[in-house]
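First comes the structure, then the notes that go with it.
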Ligand SMILES: [Fe+2]
Ligand SMILES: [Fe+2]
């Protein structure tokens, strides 16, 4: 993405993100695998940075977009560790947004607001049928899907991801 510095900068993003990034519980997400070799920590940073720049560009609430990006996948348990016989991906896909909100309220209550909470809860729209209430929530669903699909540009990642799923 080409960045116009007048529309945001990394230092500002970092200042908003720092209380979350530096929290010991959030640091654990470095060990949660998202897809392929990408951790939940790196995935969320990627989503948050893109959300921040786009929110600035389109005059949205960029602070809320930054925080929602960081916390949208802040669920408690790595989906790979959930040992049940049902289709794991499907279950996780349907439940992790609510879990991420509950977990965010547990650790970062003072940083939340209705825009952030609704964006986290609804970020799996349209898979989860209820739409986001705010434009920042729509931004998050789009950026999250874009970032998640980006990994599939590399054939190696596709093999690793689906190879791993088969081996469970
Ligand atoms: Fe998610
Ligand atoms: Fe995500």
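The values are calculated or read from the model by the stated rules, or taken from the named source; none is laboratory data. Note that the structure is predicted; figures quoted are calculated from it, not measured. A quick note on method: Cβ atoms are made from the backbone with ideal geometry, for glycine too, and the neighbour counts reach across all protein chains shown.
Determine whether region 152-164 contains at least one residue that is away from ligand 1 (no atom under 13 Å from the Cβ), modelled with pLDDT under 95 and touching a strand residue (DSSP E or B) at 6+ places or on another chain (Cβ under 6 Å).
So far as region 152-164 goes, yes, one or more of its residues are away from ligand 1 (no atom under 13 Å from the Cβ), modelled with pLDDT under 95 and touching a strand residue (DSSP E or B) at 6+ places or on another chain (Cβ under 6 Å).
Evaluate the following for residue 85: is it surrounded by fewer than 19 Cβ atoms within 10 Å (Cβ to Cβ), within 12 Å of ligand 2 (Cβ to nearest atom) and either modelled with pLDDT of 95 or more or part of a loop (DSSP other than H, G, I, E, B) (or both)?
no
Return the total of residues in region 111-133 being closer than 26 Å to residue 26 by Cα, within 15 Å of ligand 1 (Cβ to nearest atom) and either in contact with a strand residue (DSSP E or B) (Cβ under 8 Å, 6 or more places away or on another chain) or outside any helix (DSSP H, G or I) (or both).
Number of matching residues: 7.
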